[in-house]
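The values are calculated or read from the model by the stated rules, or taken from the named source; none is laboratory data. It should be emphasised that the depicted structure is a prediction, and the values quoted were computed from it without experimental measurement. Cβ atoms come from the backbone with ideal geometry, glycine included; neighbour counts cover every protein chain shown. Protein only, heavy atoms only, side chains kept; ligands, DNA and RNA dropped before computing areas. Shrake-Rupley method; radii C 1.70, N 1.55, O 1.52, S 1.80 Å.
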Amino acid sequence: MAIERTLSIVKPDAVAKNFIGGILAKLEGAQLTIIGAKLMRLSPAQAALFYGVHRERSFFQELVDFMTSGPIMVQVLEGENAILRNREVMGATDPAKADAGTIRAEFGANIGENAVHGSDGPETAHEEIAFFFAQAELQPR
Ligand code: CDP
Ligand code: MG
């Protein structure tokens with residue numbers, strides 16, 4: 001299995017509820033290693049660019065408003081099969097449909113405020129990591 005990197009975000013709802021530690025513990029518990037991390041706040045322009053793939057969707061403006069409503073915690077995760085592994089530990093987009101024990105089942109409120117983001121494939125992982133981090137900010141080990 002390949003060692004991959006993926007981008008993970010603790011979204012504003014979960015940061016506001018002090019769920020950062022609980023969420024990072026689940027990620028590390030899934031053998032994902034945090035090799036870069038920062039607490040920051042997105043501007044509306046940054047959020048719209050990051051979620052550009054969804055710009056035609058009905059929930060786009062709501063998503064941008066939500067993602068800019070407070071600070072987020074962004075991290076790069078590294079590990080075997082990290083992209084899929086992160087998606088598995090995140091759970092389904094809608095917390096009501098997420099498997100028990102997943103981050104979204106435990107920490108998500110609803111389909112919009114669902115606690116975490118995770119890259120969905122190798123290409124988006126590469127782009128999303130570069131969106132937030134310079135190479136020098138990553139500490140692989
Ligand atoms: O985050 P994930 O990849 O699981 O889902 P997505 O389909 O890529 O959607 C991105 C984000 O848009 C979700 O995580 C939700 O925060 C939001 N969304 C929403 O507000 N309403 C929907 N019906 C679908 C997604
Ligand atoms: Mg997605």
**OP:** Could you list, in sequence order, all residues of segment 23-44 that are open to solvent by 30 Å² or more (accessible area, probe 1.4 Å) and touching a helix residue (DSSP H, G or I) at 6+ places or on another chain (Cβ under 9 Å)?
**Re:** Lys26, Gly29, Gln31, Thr33, Ile34, Ala37, Lys38, Leu39, Met40, Arg41, Pro44
**OP:** Go through segment 97-123 and give me each residue that's more than 12 Å from the chain's Cα centre (by Cα), outside any loop (DSSP other than H, G, I, E, B) and surrounded by 13 or more Cβ atoms within 10 Å (Cβ to Cβ).
**Re:** Ala105, Glu106, Phe107, Pro122
**OP:** Confirm whether Ala136 is over 15 Å from Glu4 (Cβ atoms), more than 11 Å from ligand 1 (Cβ to nearest atom), of a type in the set (A, V, I, L, M) and part of a helix (DSSP H, G or I).
**Re:** yes
Original post:
How many residues does segment 55-69 hold that are touching a residue at least 24 places away in the same chain (Cβ under 8 Å) and more than 15 Å from the chain's Cα centre (by Cα)?
Top reply: 3
**OP:** Scan segment 56-64 and give yes if some residue there is of a type in the set (Gly, Ala, Ser) and either surrounded by fewer than 16 Cβ atoms within 10 Å (Cβ to Cβ) or touching an Asp or Glu at 6+ places or on another chain (Cβ under 7 Å) (or both), otherwise no.
**Re:** yes
**OP:** Mind listing just one residue for me: the one in segment 4-16 that is surrounded by fewer than 23 Cβ atoms within 10 Å (Cβ to Cβ) and part of a helix (DSSP H, G or I) and, of those, farthest from ligand 2 (Cβ to nearest atom)?
**Re:** Ala16
**OP:** Restricting attention to segment 17-54, report how many residues are under 15 Å from the mean Cα position of the chain (by Cα), in contact (Cβ under 8 Å) with a residue 40 or more places away in the chain and outside any strand (DSSP E or B).
**Re:** 10
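Test Glu137 against the criterion of being farther than 17 Å from Leu24 by Cα, open to solvent by 80 Å² or more (accessible area, probe 1.4 Å) and touching a residue at least 60 places away in the same chain (Cβ under 8 Å), and give yes or no.
Working: farther than 17 Å from Leu24 by Cα: yes; open to solvent by 80 Å² or more (accessible area, probe 1.4 Å): yes; touching a residue at least 60 places away in the same chain (Cβ under 8 Å): yes.
The answer is yes for Glu137.
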Subject >> Qualifying positions in segment 49-88 - away from ligand 2 (no atom under 16 Å from the Cβ) and not β-branched (Val, Ile, Thr) >> reply: Gln61, Asp65, Ser69, Gly70, Pro71, Met73, Gln75, Glu78, Gly79, Glu80, Asn81
Original post:
Could we say that Asn81 is open to solvent by 40 Å² or more (accessible area, probe 1.4 Å), near ligand 1 (Cβ under 10 Å from one of its atoms) and in contact (Cβ under 8 Å) with a residue 12 or more places away in the chain here?
Top reply: no
